[in-house]
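Asker: Please see the structure below; I have some questions.
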Amino acid sequence: MEEMAIVIFLGINSWLDIRKKQISLWMTGIFAAAGIWYGVKGGHMNWASLGVGAAFLLGSLAVKGAVGMGDGWVLVSLGIVLEFWEFMVMLSIASVLAALWGMMLMVVFQKKKDTEMPFLPFLLLGYVGGLCL
């Protein structure tokens, strides 16, 4: 059940990220609140993965939005819900796929290195890929 909720959350926000270059902050907030409730109820909070997500959010502030703040908020909310290694596998797969896609955009489609691309679809692929491992 938890996996399906994460896939739906990432799926909707991926679609928004591709189409509108934004995420649903209210959905992200509800997802994070549900994750906090689930963690408190279960007697465990995922502080390490939450910290990694928070580092991405702070990194977005440091580079003045060159990395999307929406991506940071989604990573914070996922950090609340996912165990550390599950979070790191998802993030690693997503980062490798995004890098490969970025290289293909530059080499095959002759895009410049500062071309924006949505990251949340790669997080979705990374999460589903992590479930398949």
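Asker: Ordering Lys21, Lys111 by how much accessible area each has at a 1.4 Å probe, largest first, what is the list?
Answerer: Order by accessible area, largest first: Lys21, Lys111.
Asker: With charges set only on the Cβ (+1 for Lys and Arg, -1 for Asp and Glu), what does the dipole of region 7-133 come to about its Cα centre, in debye to the nearest 20?
Answerer: 340
Asker: While we're on this one: What nm value, rounded to one decimal, do you get for the distance between Lys21 and Ile8 when each label is placed 7 Å out toward the C-beta?
Answerer: With each label point 7 Å from Cα toward Cβ, the separation is 3.0 nm.
Asker: Under a Cβ-Cβ cut-off of 13 Å, what is the net charge of the residues other than Gly102 that fall near it, where Lys and Arg count +1 and Asp and Glu count -1?
Answerer: +1
Asker: Using each residue's phi in region 21-31, evaluate 6.51 cos²θ - 1.76 cosθ + 1.60 at θ = phi - 60° and report the 3J(HN,Hα) Karplus result to the nearest Hz, with x for Gly and Pro.
Answerer: So the Karplus estimates, Gly and Pro as x, are 6, 8, 10, 8, 5, 5, 5, 5, x, 5, 4 Hz.
Asker: Could you check how much of the accessible area of the chain is carbon and sulfur, as a whole percent, using a 1.4 Å probe?
Answerer: 72
Asker: What relative contact order, as a whole-number percentage, does the chain give when Cα pairs under 8 Å and 6 or more residues apart are counted?
Answerer: It comes to 30 percent, rounded to a whole number.
Asker: Would you work out if region 68-119 is rounded, prolate or oblate? Take a ≥ b ≥ c from the square roots of the eigenvalues of the alpha-carbon gyration tensor; rounded if a/c is under 1.5, else prolate when a/b is larger than b/c, oblate otherwise.
Answerer: Taking the square roots of the gyration eigenvalues as a ≥ b ≥ c, region 68-119 is oblate.
Asker: Follow-up question, since we're still on this one. To the nearest 500 deg cm²/dmol, what mean residue ellipticity at 222 nm is calculated for the chain from DSSP H runs of n ≥ 4 alone, each contributing -39,500 (n - 2.57), summed and divided by the residues?
Answerer: -26000 deg cm²/dmol
Asker: Quick check for you: with a 1.4 Å probe and neighbouring chains kept, what is the accessible area per residue of the chain, in Å²?
Answerer: That works out to 61 Å² for each residue.
Asker: Answer with a single label: of [x] 1.80; [y] 1.25; [z] 1.04, which was calculated as Cα Rg over 2.2 N^0.38 Å from the structure in view?
Answerer: Read-out from the structure maps to [z].
Asker: Charges on Cβ only, +1 for Lys and Arg, -1 for Asp and Glu, centred on the Cα centroid of the chain; of Phe84, Val74, Trp37, which one is farthest towards the dipole's positive end?
Answerer: Toward the positive end, the furthest listed residue is Val74.
Asker: Round to the nearest 0.05 the FRET efficiency obtained for Glu83 and Ala62 when R0 = 30 Å and r is the Cβ-Cβ distance.
Answerer: So, using R0 = 30 Å, E works out to roughly 0.65.
The values are calculated or read from the model by the stated rules, or taken from the named source; none is laboratory data. Note that the structure is a prediction, hence the values are computed from the model and not measured. Glycine also receives a Cβ, built like all others from the backbone with ideal geometry; neighbour counts cover every protein chain displayed. For accessibility, only protein heavy atoms count, side chains too; no ligands or nucleic acids. Shrake-Rupley method; radii C 1.70, N 1.55, O 1.52, S 1.80 Å.
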